[in-house]
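Step one of this worksheet: look at the structure below.
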Amino acid sequence: MSRRKGALLSGAVLVTVAALALTGCSSGSTASTDAGTPAASGAEPIKVGALTPGNTNDGAFNQALADALQKLEDEGLIEYELRDQMSDPATSEPVIADFASQGYDLIIGHGIELGDAMFSVAGDFPDVKFTASGGPDILEKYTDNVETWTYDTPQVGYLSGYIAGLTGATPIGRVESLELDFVKATDAFFQQGVTAANPAATLLPVVYAGSFDDAQAAAAATTGLVGQGAQLVYTTGDGIATGVGSAAAEAGVLSVGVSSAAGEAALATNVSTVDLDMYPIIKGWVEEVSAGDFGGKGVTSTLQNGGIVYHPINTVDGKVPADVGTKVDELIAGITDGSVTIG
């Protein structure tokens, strides 16, 4: 039976993505659909301990893990315990060690804040399987009992920018979280996507909220960008998206990247959000643990393997062209077959 410490889940995020082949840029394997799962073989469910740095009802990064774990438990593949708000290593490391000492088969550290603690504990429990996440540099840091994970920041940034550009809205503002390398890289590809979709669009200087979760700071930043003339404001999700969404909706401007946790009023003017689906990634880890071949690799969530998805296009009462969804699907198909390259 699953047990969550901290915030409870809100409803699952609704996402859609075109049917895509399981190819891509990950350096390891992802989920398969063969019979090699615990449920199919009659084996006991895999016991999973998981940690997130923020609240699991954020409608974004943290909830993506929680939703995937619940789905896998519903399918009988795992039993899990999830602890949220574990960004402080002084708090998270004892929890990780406790999971390991209690005989959990797989321990998932979901977030760059948890990486060091995962590796630290993993060294003391060589027979327990762990995962650690971070930027692209983490992929080659795997060990025999630690698999590493990241997501394709160029794809997330470019697709988000492409959607924003297709709206025709200009100028475009951006509210980001922290000046971290992967955040800045995502923003750089966002700008490329905007330009590819609408060369005439202009972008206002990016504003950093100073946190992944400070909705109040993000709302103030959004109001400031609207004051500079922004007709659309983009954010990278997480807790700050709630602030961006509410402020953008109140001002009557479009947004991209707002999470479901922001509520109906904020989502009413949100065109779409490029999101993570952790289900195929975690299912792959579970199958590897069950088969005895876990470890020694890293994996990247991509559009191609279903780890990156996007919400249905909201035309916002005709303010957004009706063909945006079709053009987005065409872009994804091009990325998949290699006819469109990013970078």
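Details
- Taking 0.36 nm per residue of sequence separation and removing the Cα-Cα distance, the Val316/Ala97 pair yields an extension gain of 74.0 nm.
- Annotation: amide H-H contacts under 5 Å for Ser255 (H modelled 1.01 Å from N, sequence separation of 5 or more, or interchain): Val233, Asn270, Val271.
- Taking the longest Cα principal axis of the chain as reference, the axis of helix 279-291 is set at about 10 degrees.
- Looking at the chain, the DSSP beta bridges with both ends there are about 10 percent antiparallel.
- 3J(HN,Hα) along the stretch 70-84: 5, 4, 5, 5, 4, 7, x, 7, 9, 10, 9, 10, 10, 10, 10 Hz, from the Karplus curve 6.51 cos²θ - 1.76 cosθ + 1.60 with θ = phi - 60°, whole Hz, x for Gly and Pro.
- Read-out Rg/Rh (Cα atoms, Kirkwood Rh), derived from the coordinates shown; its label in (1) 0.99; (2) 0.97; (3) 1.07: (2)
- Between Ala220 and Asp144, the modelled labels are 5.2 nm apart [label points 7 Å from Cα along Cα→Cβ].
- Net charge contributed by nearby residues that have their C-beta within less than 9 Å of Lys129 (K/R +1, D/E -1): -4
- The amide H of Lys47, built 1.01 Å from its N in the peptide plane, has Glu79, Asp105, Leu106 as neighbours under 5 Å, considering only residues 5 or more places off or on other chains.
- Excluding exposed DSSP-loop GluC sites (Glu not before Pro) (at most 16 other C-beta within 10 Å), longest clean stretch of the chain: 180-343
- Amide N proximity, the stretch 231-266 versus Lys327 label position 7 Å along Cα-to-Cβ, cut-off under 19 Å: 231-235, 254-257
- Ranked list, fewest to most other Cβ atoms within 10 Å of each Cβ, for Thr300, Thr336: Thr336, Thr300
- Nearest-0.05 FRET efficiency for Ala200 and Glu44, computed from C-beta distance (R0 45 Å): 0.15
- Local electrostatic count at Pro312 - Lys and Arg +1, Asp and Glu -1, tallied over other residues with Cβ under 12 Å: -2
- Scanning residues 5 or more positions from Thr302 or on other chains, those with amide H under 5 Å from its amide H are Gly307, Ile308, with H placed 1.01 Å from N in the peptide plane.
Readers should treat all values here as calculations from the given coordinates under stated rules, not as data from a laboratory. Only a predicted model underlies this, so the values are computations on that prediction, with no experimental measurement involved. Every residue, glycine as well, gets a Cβ built from its backbone with ideal geometry; the counts of neighbours run over all protein chains shown.
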